[in-house]
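Reading through the structure tokens given below for one structure.
The values are calculated or read from the model by the stated rules, or taken from the named source; none is laboratory data. None of these values were measured; they are calculated from a predicted model. Counting neighbours? That spans all protein chains shown, and the Cβs are built from the backbone with ideal geometry, glycine included.
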Amino acid sequence: MTTSKKKLLLPDTMARPGWELARSRADVDAVPFSPTAPNPEFRRLLHDAEGVALTSTPLSAADVEAATRLRAVGRIGVGYDAVDVAALNRRGIPLMTCGTDNSPTVAEYALFMMLSLTKGPMMDALPRQGRWHERYNVLPTELMNKTLLIVGFGRIGTRIAKRCLGMDMGVEVYDPYVPAEAVRAAGCKPVADLDAALPRADFVTLHCPKTKETANMFDAARIAKMKPGARLINTARGGIVDEAALYGALAAGKLAGAGIDVFSPEPPLTDNPLFTLKNVIVAPHMAGNSRESLERKSLTVVRNLLSVLDGAPRTEYVVNPEALKKQ
């Protein structure tokens with residue numbers, strides 16, 4: 001008697017360790033798909049899958065209903081804006097993310113952007129272009145003794161705090177969902193009023209999810225409250241910052257610089273005005289991706305999916321625990 005294999009639908013871009021883990025199971029059929037495949041092709045492959053791992057591929061209610069055998073969904077990351085969680089809940093299907101796998105990577109990238117904005121890429125150009133005599137024209141600035149305001153004190157915000165405290169910065173935190181005692185215990189100063197804190201901050205770095213509460217959080221009015229000469233870092237989600245308002249503040253000299261990893265829409269239009277500014281550093285939504293983090297996430301997402309199929313879900317990674325109650 002033969003037992004049918006459990007089909008896992010996995011992105012062909014997923015790192016090798018995850019593939020090796022999935023293929024080590026004799027009872028699993030690991031099937032690749034392209035994250036850029038047209039929806040009809042993706043839905044055809046999804047039809048008889050028991051588990052699916054997602055990168056940038058959206059998962060709609062129609063996709064969920066078409067996947068008649070689906071039991072688990074994993075995100076190779078932590079965001080799930082493009083997943084219809086309500087549709088999963090109706091079917092009792094857990095959605096699982098990768099926890100802290102990319103948190104150190106994002107924290108490092110946010111710090112990299114801060115350092116790049118203060119040290120300046122022009123220093124690299126001067127000796128290459130025979131402009132040595134210009135080295136005092138635009139001087140770098142230091143992070144030491146500067147004030148950093150972190151918006152969102154979760155997996156990533158707590159890590160950027162540790163790194164910046166080590167750089168002798170003063171760190172303030174705005175997160176209405178984290179107790180002030182927890183912020184103080186981390187060596188930081190809690191702030192209850194975001195608008196009151198902005199005029200003090202030399203740097204503002206965003207590490208909050210995109211929700212109804214945070215969408216367009218940094219609009220023209222809020223950006224106007226920022227300290228003149230401050231720098232804004234967004235490695236969170238596009239749409240939290242009003243890009244047109246940010247461009248206006250940067251072009252007018254109100255802000256000294258910005259580091260932007262996320263846009264709305266994505267990919268951004270190539271004529272985005274932010275791309276014309278020399279005091280802006282941009283990246284293609286890659287702050288959370290490194291060789292190491294991609295390998296960690298590939299293992300976590302496969303382990304998450306297998307845990308559900310094996311009847312022992314890793315509940316610490318489930319973002320919709322209500323779905324488990326229907327199983």
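So for segment 171-184 (the condition being in a loop (DSSP other than H, G, I, E, B) and at pLDDT below 95), does at least one residue qualify?
no
Among the residues of segment 183-201, are any within 16 Å of A110 (Cα to Cα) and touching a residue at least 24 places away in the same chain (Cβ under 8 Å)?
Looking for residues that are within 16 Å of A110 (Cα to Cα) and touching a residue at least 24 places away in the same chain (Cβ under 8 Å), one finds at least one in segment 183-201, hence yes.
Find the residue count for segment 122-138, including only residues that are under 35 Å from the mean Cα position of the chain (by Cα) and loosely packed, with under 10 Cβ neighbours inside 10 Å.
Looking only at segment 122-138, we keep the residues that are under 35 Å from the mean Cα position of the chain (by Cα), and these are 122-126, 128, 138.
Add one more test, that the residue is loosely packed, with under 10 Cβ neighbours inside 10 Å, and what stays is 128.
Within segment 122-138, residues that are under 35 Å from the mean Cα position of the chain (by Cα) and loosely packed, with under 10 Cβ neighbours inside 10 Å number 1.
Within the group E266, E292, which residue is under 25 Å from Y80 (Cβ atoms), part of a helix (DSSP H, G or I) and of a type outside the set (V, I, T)?
Residue meeting the stated conditions: E292.
Go through segment 23-51 residue by residue and tally those that are acidic (D, E) and without any contact (Cβ under 8 Å) to a residue 40 or more places away in the chain.
Residues meeting the conditions: 3.
Can you name the residue in segment 308-326 that is in contact (Cβ under 8 Å) with a residue 24 or more places away in the chain and in contact with a Pro (Cβ under 7 Å, 6 or more places away or on another chain) and is also nearest to D81 (Cα to Cα) among such residues?
Among them, the one singled out is N320.
Residues being among the β-branched types (V, I, T) and part of a loop (DSSP other than H, G, I, E, B): count how many of those fall in segment 227-237. If you could, list the steps in order and put the result at the bottom.
Within segment 227-237, the first condition is being among the β-branched types (V, I, T), and the residues that meet it are 233, 235.
Right, trim to part of a loop (DSSP other than H, G, I, E, B) and you get 235.
Going through segment 227-237 one residue at a time, the tally reaches 1.
Among the residues of segment 1-41, write down those that are surrounded by 12 or more Cβ atoms within 10 Å (Cβ to Cβ), hydrophobic (A, V, I, L, M, F, W, C) and modelled with pLDDT of 95 or more.
Passing the criteria: L8, L9, L10, M14, A15, W19, L21, A22, V28, A30, V31, F33.
Can you confirm whether segment 293-312 contains a residue that is under 30 Å from S4 (Cα atoms), surrounded by fewer than 22 Cβ atoms within 10 Å (Cβ to Cβ) and touching a strand residue (DSSP E or B) at 6+ places or on another chain (Cβ under 7 Å)?
So far as segment 293-312 goes, yes, one or more of its residues are under 30 Å from S4 (Cα atoms), surrounded by fewer than 22 Cβ atoms within 10 Å (Cβ to Cβ) and touching a strand residue (DSSP E or B) at 6+ places or on another chain (Cβ under 7 Å).
Within segment 112-154, count every residue that is touching a Pro at 6+ places or on another chain (Cβ under 9 Å), touching a residue at least 24 places away in the same chain (Cβ under 8 Å) and in a loop (DSSP other than H, G, I, E, B).
3
Scanning for something in a strand (DSSP E or B) and within 15 Å of L148 (Cα to Cα), does segment 246-256 turn up at least one residue?
So the first thing to find is which residues in segment 246-256 are in a strand (DSSP E or B), and the list is none.
No, segment 246-256 has no match at all.
Considering only residues of segment 56-72 that are in contact with a Pro (Cβ under 9 Å, 6 or more places away or on another chain) and either part of a helix (DSSP H, G or I) or more than 14 Å from L305 (Cα to Cα) (or both), which is modelled with the lowest pLDDT?
The initial filter retains those residues of segment 56-72 that are in contact with a Pro (Cβ under 9 Å, 6 or more places away or on another chain), namely 56-57, 71-72.
Keeping just the survivors that are either part of a helix (DSSP H, G or I) or more than 14 Å from L305 (Cα to Cα) (or both) gives 56-57.
Numbers: S56: 87, T57: 94.
Applying the filter and picking the extreme gives S56.
If you check every pair at least six apart or on different chains, which have Cβ atoms under 6 Å apart with a residue in segment 77-98 that is crowded, with 16+ Cβ neighbours inside 10 Å first and a residue that is polar (S, T, N, Q) second?
So the pair list comes out as V78/T97; D84/S60; V85/N320; N89/N320; L95/N320; M96/N304; C98/T300.
Could you say which residue among T141, T147 is assigned by TED's automatic domain parsing to the domain that holds T205, out of contact with any Asp or Glu (no Cβ under 8 Å at 6 or more places or on another chain) and surrounded by fewer than 22 Cβ atoms within 10 Å (Cβ to Cβ)?
Sole residue among the options that is assigned by TED's automatic domain parsing to the domain that holds T205, out of contact with any Asp or Glu (no Cβ under 8 Å at 6 or more places or on another chain) and surrounded by fewer than 22 Cβ atoms within 10 Å (Cβ to Cβ): T141.
Tell me, please, whether a residue that is surrounded by 14 or more Cβ atoms within 10 Å (Cβ to Cβ), assigned to a helix (DSSP H, G or I) and among the aromatic types (F, W, Y) can be found in segment 206-226.
There is no residue in segment 206-226 that is surrounded by 14 or more Cβ atoms within 10 Å (Cβ to Cβ), assigned to a helix (DSSP H, G or I) and among the aromatic types (F, W, Y).
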